[in-house]
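> Let me begin by handing over the structure; questions about it come next.
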Amino acid sequence: MSLEKYKDRNIGNQNYKLIGHEAFPQTNGEKFERVMKRMVKGELFVGLWVTVRTMFEALFKGQMHTTKYPFEKLPISPRYRAIHEMLRLLESGHYRCIGCGLCEQICISDCIRMDTRYDENQRKEVSEYTINFGRCIFCGYCAEVCPELAIVHGPRYETSSEQRASFSLFEDMLTPIDALKHQKEYPGFGAVSPNADENIKKTPLAY
Ligand code: SF4
Ligand code: SF4
């Protein structure tokens, strides 16, 4: 192969585009002029216009594209498995858990700890119940296996805390007694039937 064509280093013969170099500004006035020329370009005003237009649409036309978290929250799926809730019986307000221990047995992360004892009426009561949310993988097995639908996954997904133990106690997960009428029922075995309100009546049984 001939190397002749590589020996021609005369770039003047080729079709290069030469960039003109600005002379370096000498005086302060020239320097200021160059800074202003480089700063204030048409694109700057296009960007500002887009920002102002989007702000106007969001504030006055109701076209807000962001969510004001934590004041607003996006809806989550009803099947979402977040922090557990322990439900109460609607009739008596007593917790539904019967202390069978199935949830503790099936938990694949081994993060449920519970204990039971007999009260003064020789009825079984749950004396301790904790879930270590540092280990829980929110698989849902505990809620699936519960025969009383006592433990369910609620919608509370904000699980940050300075101490893990602060949100894993039975009392923390139990429906507050004054919020019983807002307790959400979940369909499934052991759930309250759709016409439960008609069937509920005062019972002499002490739950
Ligand atoms: S959701 Fe799964 S890992 Fe979490 S407590 Fe229930 S069974 Fe255990
Ligand atoms: S499976 Fe349900 S009823 Fe049984 S101990 Fe767990 S929460 Fe209580």
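> Give me, ordered by chain and number, the residues 5 or more places off Ser127 or on other chains with an amide H under 5 Å from its own placed amide H.
Those lying under 5 Å, H to H, from Ser127 are Asp115, Thr116, Arg117.
> Please list 3J(HN,Hα) in residue order for the stretch 68-81, calculated via the Karplus relation 6.51 cos²θ - 1.76 cosθ + 1.60 where θ = phi - 60°; whole Hz, with x for glycine and proline.
Values, residue by residue: 7, 5, x, 6, 10, 10, 6, x, 10, 5, x, 8, 5, 9 Hz.
> While we're on this one: Setting aside same-chain residues fewer than 8 positions from Lys37, which aspartates and glutamates have a Cα under 15 Å from its Cα?
Qualifying aspartates and glutamates at Cα under 15 Å: Glu22.
> Here's a follow-up. Taking 0.36 nm per residue of sequence separation and subtracting the Cα-Cα distance, how much length would be gained by fully extending the chain between Met39 and Ser160, in nm to one decimal?
39.1 nm
> Separate question: Can you list the lysines whose alpha carbon is less than 27 Å from that of Lys7, not counting same-chain residues fewer than 8 positions off?
The qualifying lysines are Lys17.
> Once you have the Kirkwood Rh of the stretch 27-66 from its Cα pairs, apply Stokes-Einstein at 25 °C and 0.890 mPa s and quote D in µm²/s.
Calculated translational D: 200 µm²/s.
> Show me 121-132, 27-38, 59-70, 171-182 ranked by packing, highest mean number of other Cβ atoms within 10 Å first.
121-132, 171-182, 27-38, 59-70
> What is the distance, in nm, between label points placed 7 Å from the Cα along the Cα-to-Cβ direction at Ile108 and at Glu198?
Taking the simple label geometry, Ile108 and Glu198 are separated by 4.2 nm.
> For a quick protection proxy, order the peptides 96-102, 112-118, 15-21 by their average other-Cβ count within 10 Å, most packed first.
Going by the mean number of other Cβ atoms within 10 Å, highest first, we get 96-102, 112-118, 15-21.
> OK, next. If R0 is 35 Å, what FRET efficiency do you get for Leu169 and Ala58 from their C-beta distance, rounded to 0.05?
My answer for the efficiency is 0.25.
No value in this document is a laboratory result; all are computed from the given coordinates. What you see is a predicted model, and the numbers here were worked out from it, not measured in a lab. Cβ coordinates were reconstructed from backbone atoms using ideal geometry, including for glycine residues, and neighbour counts include every protein chain displayed.
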